[in-house]
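Since the structure comes first, as structure tokens, the remarks are kept for the end.
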Amino acid sequence: MAGPVSLATVFPGLVWAMAALALVQVARRATLWRAGATAPVAWLDGLAKLPRRYLVDVHHVVARDAYASRMHAVVAGGLLAASVLTALAILPPLGGSAPYWILVALAFGVTAAGSLLVGARRYPRRTPRLSSGRFQILPVLLVAYALGGAVTSLALAAGGGCLLAPLALALAAAGGLGLAFEVRHGPMRHAAAGALHLVAHPRPGRFEGRPDTALQPLDLAAPRLGAAIPADFTWNRLLSYDACVSCGRCESACPAFAAGQPLNPKRLIQDLVAGLSPAEPAYAGTPYPGGREAAGARGPLARLIGPDARIHPDTLWSCTTCRACVEECPMMIEHVDAVVALRRHETLERGALPEKAVAPVTELRQAGDPGGRPLRARTDFAAGLDLPLIADRESADVLLWLGEGAYDLRYGRTLRALVRLLREAGVDFAVLGPEERDTGDLARRLGDEATFQDLARTNAATLARHRFRRIVTADPHALHALRNEYPAFGACYPVVHHTAFLLELVRDGRLNPGRLPDRAVTYHDPCYLARYNGETEAPRALLDAIGLTRIEMARSGRRAMCCGGGGGAPVSDVPGERRIPDLRMAQAAETGAGTVAVACPSCTAMLEGVTDRRAEIRDVAELLLEAVEAGR
Amino acid sequence: MTSVVLLSAGRHPVSGATVLPRLEAQAIRVATGLGEAVGLHAGPDADAVADALGHGLSRIVHVPVPAGADPVPALSARLAAMAPGLILAGRRGQGGDETGTVPYAVAEALGCLLIPDIVALAAGDAGAWSLDQTLGRGARRRVTLRGPVLATIHPDAPTPLPFAYGQARRGVIETVVGDPTAASAPVPAFEERPYRRRPKLVKGAPSGSSAADRLRAATGEAASGGGRLLVRPEPDAAAREILAHLRRIGVLAPPAREPR
């Protein structure tokens, strides 16, 4: 039977043993990460910024679910505090102090309360988006460790003569060592991998307050293009997938998942984790819609994509690259980067594009436009508007980038409205006309990096030939490519979305819109403007300036739901049970607004394509023109 | 069994960029489905057809021929040396310097059979080929034959394999200098005239008949309808039948009076 002195040594010893076991488990996991490719990591900088990244950036995401935030603060804070305090009790003056043990008992008490909060999400019924499996025993282990620890500490505070002490110590040991053991495969892996991931994050710019969303250029001379096996990912990406805590926030946000297409971001990340390690326990969350079972070989060198591999190609091509999963992920995992890396290999190395996407990508490569349309026909929408070509003049203040939407009859109306507004405000602008090629956004999202880079270089050379102060575009996809992805190809220009530019004109008094009262409008944020570029306010300010009653949808701003038009999803056209734009229009209908304001050609096309639509789809520019005409 | 795909420098119909004609990309898919396939191009440079490497070919043989020169002698000399069992080509070119007769001229020079408008192809045993030829309006004919054959691909053949940059980068272009005397053959002279749409033969619309009849009249008879089937006719009888048919549909003038 343990005496009081030995108990005061054994108990802190247990915590040290837990730490050692956890370290061993992390080290075993780390051998797997080493299978990944090398990556430049600013270790010291990352370590120095870890507390801020955790307490500010991670907390910001976690706090969107208030319950989860409080639960996590109590349980993680309590667990850390109790464990560190107990570990310090190895020092004799502390180990012999009764008040100190009361403090430790208090910390364990807090942990126990937190553990109950953890358990309440899983028992008696589990919140559907959470995974079961090993996660179901987490509250049990936590309660065992916390209760055992609390009773042991109280026994030590009381002098240690309690008969319960050995029993409590055994309980704490079972719970504590269980938690430490779980660092390799179980739920506690997220703590270790998550902390390391925050230090070695592949996109450190995310934490500097700017949207670090540009896809990284691929070295086309590399021996292998894209990722086909886990070992093709860089080691810190493999680490980031291990940080996944299977909370399922991504799956709740994913438009493809909601539409019943065979994509579940959580499952995708878990498949990348399981693909790396043959010993990974079975996935126990919501499957890919369509109920496909996991199959295929595992291991760092096992193929990830294929009808018989872990990830079906349809899963890959269902993604709209809307970044909703990334936005919601409390572990800061970059799902879209993973999808694009896998797509790059499928497209560049295997030529395995989805059947319907072949034609647009081929036309992009050969004709500089996904529809294979003549480049000089891009300005046809402006017949009668006398659109100035930049080639005909020395310079212009604003270069208007028309984008693919110009070929579309519907979006041509928007662009006509925009051109008329620019005329009204006396803006000195010009277009590239036949010199403008597609930005290559579609090719890049579909993994055809070679075509994208080719188009980017051609466009960068075209832009360099002309003199202008900034680029204005009504296409957020073009905006994202030009603003964030073209600088890597030597084209650095200020790029402004048409809503921001029009707001500037209104604020400067160059446009004097009247008011359009008695009309309710709800604004649908384009993913590539709101999430990729953080611009959510300008279109709203414009709508407010013209006196419209603005009603927000349940999902708006940076957390808006995608229209289904990004990432080549419309051309890949993976079948689902529902259509994404139908879901989004249903959300818009819930607001009761008669008009859905849009600011992107893809959103316009997708939302206008919804059958039985009760609301009309109007671009912000069209509404503003109407107000300007009403104000005359 | 290696097959050879004839490659030409086409142009994109809209952008005018140098591209691999779609028909030849389809031919590559058909050829690689059978086994090893090699591309063959005669022209001033091979960059124009390098895209074929991304569509499934791993090797292209390039015979340099000056710009504007007739590629047929160089192609047939090279093909005679390679002696493939199967040669595939597009049924027509796409915007380059072509007349659409290269496959026919090559087949003539090699003395092998030419089967036009193929949509599918299978290899039988001992050098036999089974080719599915399209006759238009969905009609198909299976041709089975033995020995080396040159076939041209119809647009109804399976769509091309998507371009894969990684594969294109790994492909090899082998430059083989051909026989200089063959390469310097003069270009056959031809006459250039502005394009004029061919007049469509319109039969009198059968008024009062059924909609199906009117549709048939508007679209022409089905390929299988009408006509007479002659099996192994005498050449004279066959020629008389053809002439009679051409006169019936008005392509040839009625027979002249008997010479005095």
I'm trying to understand the selection: among the residues of region A:34-65, which are of a type in the set (A, V, I, L, M) and either over 23 Å from A:ARG323 (Cβ atoms) or surrounded by 15 or more Cβ atoms within 10 Å (Cβ to Cβ) (or both)?
A:ALA35, A:ALA37, A:VAL41, A:ALA42, A:LEU44, A:LEU47, A:ALA48, A:LEU50, A:LEU55, A:VAL58, A:VAL61, A:VAL62
Hits in region B:93-128 (condition: in a loop (DSSP other than H, G, I, E, B) and surrounded by 17 or more Cβ atoms within 10 Å (Cβ to Cβ))
B:GLY93, B:GLN94, B:CYS112
Considering region A:437-472 alone, what residues qualify as being hydrophobic (A, V, I, L, M, F, W, C) and either in contact with a strand residue (DSSP E or B) (Cβ under 6 Å, 6 or more places away or on another chain) or more than 13 Å from chain B (Cβ to nearest Cβ) (or both)?
A:LEU442, A:ALA456, A:ALA460, A:ALA461, A:LEU463, A:ALA464, A:PHE468, A:ILE471, A:VAL472
Output for region A:572-593, where each listed residue is open to solvent by 40 Å² or more (accessible area, probe 1.4 Å), touching a Lys or Arg at 6+ places or on another chain (Cβ under 9 Å) and within 16 Å of A:TYR523 (Cβ to Cβ)
A:GLN587, A:ALA589
Subset of region A:527-541 that is free of Cβ contacts under 8 Å to residues at least 60 places away in the same chain and under 17 Å from A:CYS563 (Cβ atoms) - its residue that is most open to solvent (accessible area, probe 1.4 Å)
A:GLU535
Filter the helices (runs of 4 or more DSSP H) completely within region A:264-344 down to those with at least 3 residues that are among the β-branched types (Val, Ile, Thr) and at pLDDT below 95.
none
Could you list all residues from region A:119-158 that are open to solvent by less than 50 Å² (accessible area, probe 1.4 Å) and aromatic (Phe, Trp, Tyr)?
A:PHE135, A:TYR145
Take A:LEU415 and decide whether it is in a helix (DSSP H, G or I), away from every other protein chain (no Cβ under 14 Å) and surrounded by fewer than 24 Cβ atoms within 10 Å (Cβ to Cβ).
no
Result of the Cβ filter at 7 Å on region B:248-260, keeping first residues that are at pLDDT below 80 and partners that are assigned to a loop (DSSP other than H, G, I, E, B) and surrounded by 10 or more Cβ atoms within 10 Å (Cβ to Cβ), at least 6 apart or interchain, is none
Out of all the residues in region B:12-28, is one or more assigned to a strand (DSSP E or B) and closer than 30 Å to A:LEU375 by Cα?
yes
When the residues of region A:362-376 are filtered to those that are within 15 Å of A:LEU446 (Cβ to Cβ) and at the interface with chain B (Cβ under 7 Å from one of its Cβ atoms), which remaining residue is least open to solvent (accessible area, probe 1.4 Å)?
A:THR362
Scanning region B:141-182 residue by residue, the ones that are under 23 Å from B:GLY100 (Cα atoms), touching a helix residue (DSSP H, G or I) at 6+ places or on another chain (Cβ under 6 Å) and not hydroxyl-bearing (Ser, Thr, Tyr) total 7
From the list A:ASP308, A:ASP232, A:ASP271, which one is among the acidic types (Asp, Glu) and open to solvent by less than 10 Å² (accessible area, probe 1.4 Å)?
A:ASP271
Given the conditions (1) touching a residue at least 12 places away in the same chain (Cβ under 8 Å); (2) within 14 Å of chain B (Cβ to nearest Cβ), report the number of the one that A:ASP397 does not fulfil.
(2)
Take A:ALA222 and decide whether it is in a helix (DSSP H, G or I) and over 25 Å from A:VAL61 (Cα atoms).
no
Give me a count of the residues in region B:48-60 that are out of contact with any helix residue (DSSP H, G or I) (no Cβ under 7 Å at 6 or more places or on another chain) and either open to solvent by less than 10 Å² (accessible area, probe 1.4 Å) or more than 14 Å from chain A (Cβ to nearest Cβ) (or both).
2
Just need a number here: residues in region A:347-361 that are touching a Pro at 6+ places or on another chain (Cβ under 7 Å) and more than 9 Å from every other protein chain (Cβ to nearest Cβ).
1
Filtering region A:422-436 down to residues that are within 14 Å of another protein chain (Cβ to nearest Cβ) and either hydrophobic (A, V, I, L, M, F, W, C) or in a helix (DSSP H, G or I) (or both) yields A:PRO434, A:GLU435
For residues that are surrounded by 13 or more Cβ atoms within 10 Å (Cβ to Cβ), away from chain A (no Cβ under 14 Å) and part of a loop (DSSP other than H, G, I, E, B), tally how many sit in region B:129-165.
4
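For A:LEU218, state whether it is within 14 Å of chain B (Cβ to nearest Cβ), open to solvent by 10 Å² or more (accessible area, probe 1.4 Å), among the aliphatic types (A, V, I, L, M) and in contact with a helix residue (DSSP H, G or I) (Cβ under 8 Å, 6 or more places away or on another chain).
yes
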When residues of region A:195-215 are limited to those that are small (Gly, Ala, Ser) and out of contact with any helix residue (DSSP H, G or I) (no Cβ under 8 Å at 6 or more places or on another chain), the one nearest to A:ALA20 (Cα to Cα)
A:GLY205
Mind checking whether some residue in region B:63-80 is within 12 Å of another protein chain (Cβ to nearest Cβ) and outside any helix (DSSP H, G or I)?
no
Helices (runs of 4 or more DSSP H) within region A:536-632 that include 1 or more residues over 25 Å from the mean Cα position of the chain (by Cα)
A:537-545, A:580-590, A:601-608, A:620-630
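The values are calculated or read from the model by the stated rules, or taken from the named source; none is laboratory data. Source: prediction; values computed, not measured. Quick reminder, even Gly has a Cβ in these numbers, built from the backbone with ideal geometry, and neighbours come from all protein chains shown. These accessible areas exclude ligands, DNA and RNA; they are computed on the full protein's heavy atoms, side chains included. Shrake-Rupley method; radii C 1.70, N 1.55, O 1.52, S 1.80 Å.
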